[in-house]
Structures are given as structure tokens and as C-alpha cells.
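Coordinate-derived values only; no laboratory data. Note that the structure is a prediction, hence the values are computed from the model and not measured. Virtual Cβ from ideal backbone geometry, glycine too; neighbours counted across all protein chains shown.
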Amino acid sequence: MADFPRCIDWSTRLYRFLLRAYPVEFREAFGDEMTLMFREMAAEAWRRYRWSGLTGIWFRILADFSLSAPHQYWLAWNRKVLQRSTTPMIHKSFRFSIAEFGRDSHWTAWRIAAVMLMSFSTLVAGIVVFAIATEGLLFAVDGAFRLAHLTAPAGSMMTTIAIGHLFGILGYCATNWLGVRLIKRFIVRSSLGGIHTLAN
Amino acid sequence: MLAQEFEVMDKPLRRQKRVEPLKDSEFHILLALADSDRHGYGIMQEVARRSAGTVRLGPGTLYGAIKRMLISGLIEESAKRPAAKNDDDRRRCYFSLTPQGRAVAKREAQRLAELVRVAEVKRLLTRRSPAVEGGA
């Protein structure tokens, strides 16, 4: 780095430090190349435009960084989820063994428990959140009517609570729909993938 | 070497990814590698030069796309290296098109050419004369 001005050296060191924000495997595969590339970009900008060029490069790099680093993390996380959820039942030549049967049963039990837990959580969260929100809204409207000395539209408190619960159930259906999609996305699809592989 | 590492690492992901249609950045990279092997900075310079500076790939975007394309088998790490001027050049990784990458680039170019033809038929685009294209 001796051939480059000190500002380029420091910029390169700072960039190398920023590369820590990328996932480890991406950084190990391309970190050195990216550092070399940055240094050449910075040196060229410095040679042409001095400080304004270097500042411009940093703006470009930060924009690129803010988009690509989260994207790489998303890919890395996605890969980990897929690898983790790959069923252990996939074998080309199937031989029954007690140990494998135990491992598969354990795996299946955990997956079923996870699905049930997520479904139950979704049920409770959906009903509670939507019921409370609807009841709060109805009480607010009711209060506003009373303040204005008009006839309250919602009737008794019990009616309001009943309507709130009805909306709670409807809200649950919507939340559950989303929850089921997420479960399919991250858990069920991988086990179905395993069964599909076995069938083939 | 890199491709093999990522192939093992990303096998579950690879099953789900479609190669086509290509992203803009990927097509630009394929075009840059169509005539010669290049390293990352060379690809960036070639893309910027050919697009008159309108497309500028940053290191993160470029190497993210390169990783995807290595996994898809569109490009590969080149074994041939031009004569290195210094240590940095020796450390660099050169990339080249695979036969599959060349075929995909051809198909994408044909698809774009077909779109251009439709745009011309619908008078959304006027065909440039050869003199204008040649810069005369």
C-alpha cells in the first residue's frame, strides 16, 4: 500500500473494517477481492478529482453497502433455515435402524410441536389484539356520541364486547392465514420436500 | 474452486433458483466477460465504459451477483491468468463465461432484441442509422 496516498490507505482500512458487516462466508470468499477493488476505485477517483472524487466514492460505496450487506445476510439466513430444516429421512438406500428411527421421531415431534405452538400463538395473539382494538374503537365512538348528547349507537357494553370478539375472530382468521403461510414457508415445505425426494 | 465451495454450500438454495430471466447486473457481467476473462474491477470498468457511466456496479453488488452466477454455473473462476504486473494482480481472481453462461447470454440478447423489434413495430423506438451507431 506504500504507493498510495495516506488517505487511500486509511480509506481502504476503513472499508476492510466495514466488510465485517457482511456474512462470514461471503467475506472469506470475496473480502480480499472487494478490498482490492475498492482501493483501485479510490485511487482512480483520487487521481482524477482528489477529495471530491474520494468523497463521491464513499457515497457510492455506502449506498452499495447498505443494499448488498442486508441482502447477503438474508441469503445466508435463508440458506441456514433450508439446511437446518432438511429432513434427516432423506436417504438414497434406506436401511432401518433403531438409532435413525429415534432421531427421525425426535425430529418429527419437534417439528409438530413447533407448528402447534406457532398456530396456538397465532390464535391467541390474533383474537386478543383484534378484539381489544375493535372494542377500544367501539367504546371510543360510543363515548364520543354520549359527549355530544346523542344516542349511543353501540347499545350495551355486552353488545360492544360481543362485536369486539366477533372482529377478534375475523382478525384471527386473517392473522392465521399469514401464520400458516409463514409455517409453510419455513417448516412444512422442507419436510414435504423430503417426502417428495423419497417418492422420487 | 470458489464455485465448488458455493455449490456445496448453497445446494438447497440452488434447487430453488431459476437462472432466467437474468437480472440487469448479471447480464452486464455476462456481456463484460463475453470477449475476455476479467477480474472484478475489470468487469466494473468494462460495464461502466460500455454503458457510458450509467451503470456502476459497487463491490457488494458486483460480488453478490458473481456469487449467484458461480452457483448457477454461468461463470467460473478462470485458470488462465494474464501476465501479472504485481502482487495484487497475482492475488486477483479472474472469471470467465461457461458454455452455459454463453448460451444464457445469447438467449437473453435474443429476447431483448425481440423486445426492441416489437418496440420499433409499435413506433416506440426509431431505428438508428448505421452512421449514427458508428459515431460518424
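Couple of notes before you dig in:
- Under 14 Å, Cβ to Cβ, from A:TYR73 - net charge with Lys/Arg +1 and Asp/Glu -1: +4
- Peptide A:13-22 shows a mean partner chain C-beta count of 1 within 10 Å per residue C-beta.
- Inter-chain neighbour count for B:66-73: the average number of beta-carbon atoms from partner chains within 10 Å of each residue's beta-carbon is 1.
- Multiplying the residue separation of B:ALA48 and B:LYS122 by 0.36 nm and subtracting their alpha-carbon distance yields 23.6 nm.
- Built amide H within the under 5 Å cut-off of B:CYS93, gap 5+: B:GLY40
- Distance between modelled label sites at A:SER121 and A:LEU166, nm, 7 Å Cα→Cβ extension: 3.2 nm
- Per-residue mean of foreign Cβ neighbours for A:64-71 is 4 (Cβ atoms of other chains, 10 Å radius).
- Under-5 Å amide H pairs with B:ILE75, H placed in peptide plane, nonlocal only: B:LEU70, B:THR98
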